[in-house]
Amino acid sequence: MKRQDKTNYYLDIAAAVLTRSTCLRRKYGAVIVKDDEIVSTGYNGAPRGRKNCADEGRCVREKLGVSHGERYELCRSVHAEANAIIPASREKMLGATLYLAGCDTAGTIGAESCSMCKRLIINAGISRVICRTAPEKFTVVSVREWIDTDDTNGG
């Protein structure tokens, strides 16, 4: 039996975490790892104590026909990346890797951080993000690229 590589091991954990998601459109799971130790995990869902879309049985953004990547202020969920960053200490996140898995309601695999999550990841001191693109496939992004390519002013 061939042993699974570490990257797909952590991406599989992120995929397991996303099963807790309460979003009706896309499910995301995040795992922050430093020095081969899991620092924190997170999935997208409503803030603690608030009703989530799965409980409500509706998605406001879906109802209004809002496209992917737009009008996040209408969403009830806190993103997986944010939910992984919130409980973790900055010391443990400095130089860490964030593993991100996601899928839509059709089961299509793919994940990418939104511009707000990119800012959180930058400020947390995480050095790279690995996103699952298909089973056993992924992309690796250096957070330095997000710093150097500032998307807040169109440049």
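The values are calculated or read from the model by the stated rules, or taken from the named source; none is laboratory data. Please read these numbers as outputs of a predicted model, since none were measured by experiment. Quick reminder, even Gly has a Cβ in these numbers, built from the backbone with ideal geometry, and neighbours come from all protein chains shown. When the accessible area is computed, the model is the full protein with side chains, heavy atoms only, and any ligands, DNA or RNA have been set aside. Shrake-Rupley method; radii C 1.70, N 1.55, O 1.52, S 1.80 Å.
The set of residues from segment 52-68 being closer than 26 Å to I121 by Cα, open to solvent by 40 Å² or more (accessible area, probe 1.4 Å) and either touching a Gly at 6+ places or on another chain (Cβ under 6 Å) or touching a residue at least 12 places away in the same chain (Cβ under 8 Å) (or both) comprises just one member, H68. When we screen I126, I147 for residues that are at pLDDT 95 or above and outside any strand (DSSP E or B), the only hit is I126.
What are the residues in segment 77-89 that are surrounded by 12 or more Cβ atoms within 10 Å (Cβ to Cβ) and over 20 Å from R58 (Cα atoms), if any?
The answer is E81, A82, N83, A84, I85, I86, A88.
Taken as a whole, the structure leaves K92 outside the set of residues that are of a type in the set (D, E, K, R) and surrounded by fewer than 15 Cβ atoms within 10 Å (Cβ to Cβ). Looking only at residues of segment 41-76 that are assigned to a helix (DSSP H, G or I) and not acidic (D, E), we find that the one that is farthest from T108 (Cα to Cα) is L74.
Per the conditions (1) without any contact (Cβ under 8 Å) to a residue 24 or more places away in the chain; (2) touching a Leu at 6+ places or on another chain (Cβ under 9 Å), the sole criterion not satisfied by G49 is (2).
Every condition in (1) open to solvent by 20 Å² or more (accessible area, probe 1.4 Å); (2) in a helix (DSSP H, G or I) is met by I38 except one, and the failing one is (2).
Scoring S21 on the criteria (1) under 14 Å from I126 (Cβ atoms); (2) free of Cβ contacts under 8 Å to residues at least 60 places away in the same chain; (3) of a type outside the set (A, V, I, L, M, F, W, C); (4) buried (at least 21 other Cβ atoms within 10 Å of the Cβ) leaves a single failure, condition (1). Checked against the criterion of being part of a loop (DSSP other than H, G, I, E, B) and of a type in the set (D, E), segment 7-26 contains not a single residue that satisfies it.
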